[in-house]
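Chemist: Have a look at the structure that comes next, please.
The values are calculated or read from the model by the stated rules, or taken from the named source; none is laboratory data. What you see is a predicted model; the values in this text were computed from it and never measured. Neighbour counts run over all protein chains shown; Cβ positions are idealised from the backbone, glycine included. The accessibility values were calculated without ligands, DNA or RNA, using every heavy atom of the protein model including side chains. Shrake-Rupley method; radii C 1.70, N 1.55, O 1.52, S 1.80 Å.
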Amino acid sequence: MSAVATAETEYSQTGKYSGREDALALVTDQSTDLGAALAACAAGDRSALRRIFDEEAGRLVAMAQRIVRRRDLAEEVVQEAFIRIWTHAHQYSPERGSARGWIYAIVRNRALNLLRDGSREDLVADDRLETLQDSEQLEQIMAAWHRLDRNSRLKECLGRLDETRRRGILMAYVGGYTHGEIAGRLSLPLGTAKSWIRRGLLSLRECMA
Amino acid sequence: MKLTPSEFPAIADEYVLGLLDEADKVAVETEIERNPALAEAVAEARESFLPLDTSVDPAAVSPVLWEAIESRLPEQGVSPSPTAPPIAAVQPASPMAAGNDNARAGGVSSGWRAAAVSAIAASLILAGGLVWSVTRTVDPLVVAVLLNEAGEVQAVVEDFGNDTASIRLLADFAVPADKTMQVWTLPSREMGPMSLGLLEDAHSTTLHGPALPRPQDTQLYEITLEQAGGSPTGRPTGPILAKGFAKLAR
């Protein structure tokens, strides 16, 4: 974990997150070890999967929990995702982006699937004590933006959006909310929420370019 | 949703944010496999938002979680050959397709593990199928070898292009009494998946389906487990039992 975490810290501190291509290149560089670990997984090396787990599982569980809200479900998501990482490792190639991005996308997809299968309300009602309450979750979602390094391009570009658009985008990405849920939470008509998010994403792309 | 190149960045963002509805998501995941520009747009969008995930405070992870994972790892097959046969080459290269395995609907374990393992076997069957098919009076236009997610050959579909397709099952399927096997193909992204018909009693059969465009090379065929009488929505809803891509009979 240490080598990559250090590289990542340094890279956010130098604030070189200046564009998509740079970002891709940087992330790819950082992920060399993860890419190699995926290749080793494809060749049947379980210790390589263990290295990925040791390095990323803590963050992956936390990320999944922001979406599915319950710790036990988040762990279930990560467990399923790691089996998939193992069985699909041979399909990873650097043209598909960074190894880290590939790994996180698998976990995100699993978490979103779990959420979309059942209803979010059911998950919440399931066990109140273990479930993040709505307001608490919204706080966590906004915190994800605040936690970005202050020199990062993504932080700056999100900051340039007006608040509703920023919230909508973060609720979708960080919390796994649907258009409908976002519209409900922001008290907007569905069509309005959709077009605000779409325009927010456009501004974000222009800013990040 | 129109998958035009000028829309790729917008579509990629919404895909990565998880905002696309199921049909659009499937369309994107299908298109990614053959459209490098879209794949690149998705990779870029993913990298843009990734810092929101990597900056999270890590949870304390119990060693039990790793043990649970390790106990469930299947053996890894032989490494993919660099000159992987065509079926391997057109298998979905996730994780774009990570959410697209219908696994959750039926408790089938995750992942279309792939075809690298079984591509050789599949090719042999395909070759066998082709020989077998050319020795008969009416030739199919395409033949598809369908694999399960472990990469084992399950069935061969021959599509004759005249609304007739023959499905030969090469494995036993346990179909619950209230379920049925349904055969699908994806003639084009615009049309979406089309039903070729139901496999009664999980037996090999010849199906007479709707009039569809002439089957193409690499067209997707699959068998899903649906409720008795077939999918209520007209689209596949159940777990995928087997799938594969057609080759033109030559």
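Chemist: Accessible area per residue for the stretch B:190-250 in Å², computed with a 1.4 Å probe and the full protein assembly in place, what is it? Please list the in-between numbers first.
Modeler: Values: 2990 Å² over 61 residues.
Dividing the accessible area of the stretch B:190-250 by its residue count gives 49 Å².
Chemist: So, one more: Whenever you get a sec, line up A:Y92, B:Y221 from highest to lowest accessible area (probe 1.4 Å, protein heavy atoms).
Modeler: My answer, sorted largest first, is A:Y92, B:Y221.
Chemist: Quantify, in whole percent, the carbon and sulfur part of the accessible surface of the stretch B:1-73 (1.4 Å probe; protein heavy atoms only).
Modeler: 56 percent
Chemist: For A:K155, which lysines qualify as cross-link partners when the Cα separation must be under 26 Å and same-chain residues fewer than eight apart are set aside?
Modeler: Once the sequence-local lysines are set aside, what remains near A:K155 is A:K16, A:K194.
Chemist: Can you give me the % of accessible surface on the stretch A:133-209 that is carbon or sulfur? Probe 1.4 Å, all protein chains present, nothing else counted.
Modeler: Carbon plus sulfur share of accessible area: 48 percent.
Chemist: Say R0 is 22 Å: what FRET efficiency, to the nearest 0.05, do A:S93 and B:R34 get from their beta-carbon distance? Could you put the intermediate results ahead of the total?
Modeler: Details: r = 15 Å, r/R0 = 0.68.
Calculated transfer efficiency: 0.90.
Chemist: Let me ask you something else. Could you tell me which residue out of A:G180, A:I197, A:H146 lies farthest along the dipole of the stretch A:133-209 toward its positive end? Charges go on the beta carbon: Lys and Arg +1, Asp and Glu -1, centred on the Cα centre.
Modeler: A:I197
Chemist: Let me ask something else. Using a probe radius of 1.4 Å on protein heavy atoms only, what is the accessible area buried between chains A and B, both sides summed, to the nearest 100 Å²?
Modeler: Buried area (both sides, nearest 100 Å²): 6100 Å².
Chemist: Express the accessible area of the stretch A:133-209 per residue in Å², computed with a 1.4 Å probe while the remaining protein chains stay in the model.
Modeler: Accessible area per residue: 45 Å².
Chemist: Using a 1.4 Å probe on protein heavy atoms, which residues of the stretch A:186-209 have at least 20 Å² less accessible area in the complex than alone?
Modeler: A:R198, A:L201, A:R205
Chemist: Any idea what log10 I(q)/I(0) is at q = 0.11, 0.15, 0.25 Å⁻¹ for the stretch B:1-73, Debye with uniform C-alpha scatterers and no solvent?
Modeler: Cα-only, vacuum Debye calculation for the stretch B:1-73: -0.42, -0.65, -1.01.
Chemist: Using the heavy atoms of the protein chains alone and a 1.4 angstrom probe, what is the accessible area of the stretch B:1-73 per residue in square angstrom?
Modeler: 40 Å²
Chemist: Can you tell me the order of B:23-32, B:205-214, A:178-187 when each peptide is scored by its average per-residue count of other Cβ atoms within 10 angstrom, highest first?
Modeler: Going by the mean number of other Cβ atoms within 10 Å, highest first, we get B:23-32, A:178-187, B:205-214.
Chemist: Moving to a separate point now. What distance in nm lies between label points placed 7 Å from Cα along the C-beta direction at A:A36 and B:A177?
Modeler: 5.8 nm
Chemist: Could you pull out which residues in the stretch B:36-50 have an amide N less than 18 Å from a spot 7 Å beyond the Cα of B:T4, following the Cα-Cβ vector?
Modeler: B:37-38
Chemist: For peptide B:37-45, how many partner chain Cβ atoms fall within 10 Å of a residue's Cβ, on average? It would help to have the intermediate numbers written out before the result.
Modeler: Working: counts 0, 0, 3, 4, 0, 4, 11, 8, 7.
Partner-chain Cβ atoms within 10 Å, mean over residues of B:37-45: 4.
Chemist: Give me the Kirkwood hydrodynamic radius of the stretch B:210-250, using the inverse of the mean 1/r over all pairs of distinct Cα atoms, in Å to one decimal. Write out the running numbers ahead of the final one.
Modeler: Details: mean 1/r = 0.0844 Å⁻¹.
In the stretch B:210-250 this quantity evaluates to 11.9 Å.
Chemist: Can you list the residues of the stretch B:146-180 with backbone N under 16 Å from a point 7 Å past the Cα of B:A228, pointing along Cα to Cβ?
Modeler: B:175-180
Chemist: Using only the Cα atoms of the stretch A:163-207, what semi-axes does the equivalent ellipsoid have when each is the square root of 5 times a gyration tensor eigenvalue? Give whole Å, largest first.
Modeler: Details: eigenvalues 52, 26, 12 Å².
Three semi-axes, in Å: 16, 11, 8.
Chemist: Obtain the radius of gyration and the Kirkwood radius of the stretch A:133-209 from its C-alpha atoms and give Rg over Rh.
Modeler: Using only Cα positions, Rg/Rh for the stretch A:133-209 is 0.96.
Chemist: Check cross-link reach from B:K179 to the lysines: straight Cα distance under 27 Å, and skip same-chain residues fewer than eight apart.
Modeler: B:K25, B:K243
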